[in-house]
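Worksheet: the structure to be examined is printed underneath.
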Amino acid sequence: MSEDERYIDNESDADKRAHHNALERKRRDHIKDSFSSLRDSLPAFQGDKVRASRAQILKKAADYIQSMRRKNSSHQQDIDDLKKQNKVLEEQIKALEKAKTTGNYLAAASLLDSHLSTSKASVLSAAFDGDSDSDVSSDTDGSKDGRRKKIKALEKYSASMNDLGK
């Protein structure tokens, strides 16, 4: 191999190394920018310009994702509960409209009063005696538990109203 060929080979190797180094630097910059973007999007780091390690950023991101999943699940349960409640209320409206068309207001009113008082009593007793029919996961304020018990009582009431209408 002549001296010129060695010089070209060395230059070629140097160019390859420089190109590889540039690509590697670009990759590291992209990762760094991605971590910065992730850090800036996390509520735990909002307003802080404090440096956080990549491990801290990933930990906070995982925690945030888990909390959002729990929140979404809770919201979905609320939506399902409200759909059930709407269904019960729609059935009550139908029963009342049927009573209106038949003109049997007194029977409907007395029946509604008796069912409402029975429904309220069952909700109250379930709330005080710790009835555990509900499928509630850990909830800190207990409001969903009470709401679910009320829905179950309303469903029972609605079923009895449907039986009356048949």
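Evaluated with a Cβ-only charge set (Lys, Arg +1; Asp, Glu -1), region 4-83 carries a dipole of roughly 560 debye about its Cα centre, given to the nearest 20.
Relative intensity of region 4-106 on a log10 scale, I(q)/I(0) at q = 0.16, 0.17, 0.20, 0.23 Å⁻¹, equals -0.87, -0.91, -1.02, -1.12, per a Debye sum over C-alpha point scatterers of equal strength in the absence of solvent. In order along region 91-102, the Karplus-derived 3J(HN,Hα) couplings, from 6.51 cos²θ - 1.76 cosθ + 1.60 at θ = phi - 60°, round to 5, 5, 4, 4, 5, 5, 5, 5, 5, 5, 5, 7 Hz, and Gly and Pro are given as x. Here the gap between I79 and A55, fully extended at 0.36 nm per residue and compared with their Cα-Cα distance, gives a gain of 5.0 nm.
Bridging of K156 to lysines at a Cα separation below 27 Å is possible for K83, K84, K87, K94, K98, K100, K120, K144, K166, once same-chain residues fewer than 8 apart are set aside.
Throughout, read-outs are computed from the coordinates displayed, never taken from laboratory work. Quick caveat: nothing in here was measured; it's all calculated off a predicted structure. Note that each Cβ is placed from the backbone with ideal geometry, even for glycine, and that neighbours are counted across all protein chains shown.
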